[in-house]
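Visitor: Mind looking over this structure? Questions follow.
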Amino acid sequence: DKQFVEIWEGIAAGGLARVAIEKKEYPKAKKLLEQNLITAEKYRLDNDIAKVHYLLGKIETKQNRPANALDYYKKSLDFAQHVNDEPNITKSLLGISESYRDLKQFENAYKFNVQYNAKKAEIEKDLSFRRYSTISEKLKQENLRNSIRKADATIKRQNTIRNMTILLCVIVLLGIGVAYRMFYFKQKLKYSISEN
């Protein structure tokens, strides 16, 4: 539908803007980012708005305009925090810190650098916990698989024992039946001989 197309056109414009930034085609990148921003604001895509402001800040940084970059990074941080977008929060904090450094406001630069490092450490800790959880889940699944294999082996062994027991009982019954028939025919033969 129309909304879907507009959103993806905006996202595509943002992707093209990143390429333009790498090629140092800043006016083209700004135009594409403005197109992306219009779409993101129209559909209230805070995550995308945060990315656009971050990229606009990056352009201003590359063009050696730290005051403008600082404004964009702060906007990016606000939107990223609104949706708890940790990667964009981290990048925005670093951008703010570097902008303050370039503006020679070292106290603010230090303050935001501390926040950046704390957020980065928090993300790494969370990532380590997720990795641990993933490994723990894999071990649980492997233990479950091993338990299932052992249970299958036990069931097969019990089935084999049961089948062997049934077979042995059948053989014994057949043996008894054959022995009885032989005994019966012997007795019949003796009786017929004694009558004759």
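The values are calculated or read from the model by the stated rules, or taken from the named source; none is laboratory data. Just so it is clear, the structure is predicted and the values come from calculations on it, not from any experiment. Cβ coordinates were reconstructed from backbone atoms using ideal geometry, including for glycine residues, and neighbour counts include every protein chain displayed. Remember, those area values only see protein heavy atoms, side chains included, never the ligands or the DNA or RNA. Shrake-Rupley method; radii C 1.70, N 1.55, O 1.52, S 1.80 Å.
Visitor: Of the residues 113, 84, which is closer than 18 Å to residue 54 by Cα, open to solvent by 50 Å² or more (accessible area, probe 1.4 Å) and outside any helix (DSSP H, G or I)? Full working, then the answer.
Guide: Details: 113 fails: outside any helix (DSSP H, G or I).
Going through 113, 84 in turn, just one is closer than 18 Å to residue 54 by Cα, open to solvent by 50 Å² or more (accessible area, probe 1.4 Å) and outside any helix (DSSP H, G or I): 84.
Visitor: Also, I was wondering about something else. Among the residues of segment 14-32, write down those that are touching a residue at least 24 places away in the same chain (Cβ under 8 Å) and of a type in the set (A, V, I, L, M, F, W, C).
Guide: Across segment 14-32, the qualifying residues are 17, 21, 29.
Visitor: Then there's this: All but one of (1) surrounded by 14 or more Cβ atoms within 10 Å (Cβ to Cβ); (2) farther than 28 Å from residue 109 by Cα hold for residue 95; state the number of the condition that does not hold.
Guide: (2)
Visitor: Look through segment 111-166, keep the residues that are of a type in the set (A, V, I, L, M, F, W, C) and touching a residue at least 12 places away in the same chain (Cβ under 8 Å), and return whichever of them is nearest to residue 99 (Cα to Cα).
Guide: For segment 111-166, the residue satisfying everything is 112.
Visitor: Right, here's the next one. Mind checking which residues of segment 64-114 are under 19 Å from residue 37 (Cα atoms) and acidic (Asp, Glu)?
Guide: 71, 78, 85, listed by residue number.
Visitor: Taking only segment 38-72 into account, find how many residues are surrounded by fewer than 16 Cβ atoms within 10 Å (Cβ to Cβ), part of a loop (DSSP other than H, G, I, E, B) and modelled with pLDDT under 95.
Guide: Selection size over segment 38-72: 2.
Visitor: Let me ask something else about it. For the subset of segment 1-21 comprising residues that are open to solvent by 90 Å² or more (accessible area, probe 1.4 Å) and either touching a helix residue (DSSP H, G or I) at 6+ places or on another chain (Cβ under 6 Å) or outside any helix (DSSP H, G or I) (or both), which member is nearest to residue 74 (Cα to Cα)?
Guide: 16
Visitor: Residues 75, 24, 30: which one is among the basic types (Lys, Arg), open to solvent by 90 Å² or more (accessible area, probe 1.4 Å), over 26 Å from the mean Cα position of the chain (by Cα) and farther than 30 Å from residue 127 by Cβ?
Guide: Result: 24 is the single residue among 75, 24, 30 that is among the basic types (Lys, Arg), open to solvent by 90 Å² or more (accessible area, probe 1.4 Å), over 26 Å from the mean Cα position of the chain (by Cα) and farther than 30 Å from residue 127 by Cβ.
Residues checked against (1) over 21 Å from the mean Cα position of the chain (by Cα); (2) farther than 19 Å from residue 81 by Cβ; (3) at pLDDT 90 or above:
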| position | (1), (2), (3) |
| --- | --- |
| 116 | yes, no, yes |
| 121 | no, no, yes |
| 126 | no, no, no |
| 130 | no, yes, no |
| 133 | no, yes, no |
| 138 | no, yes, no |
| 147 | yes, yes, no |
| 150 | yes, yes, yes |
| 153 | yes, yes, yes |
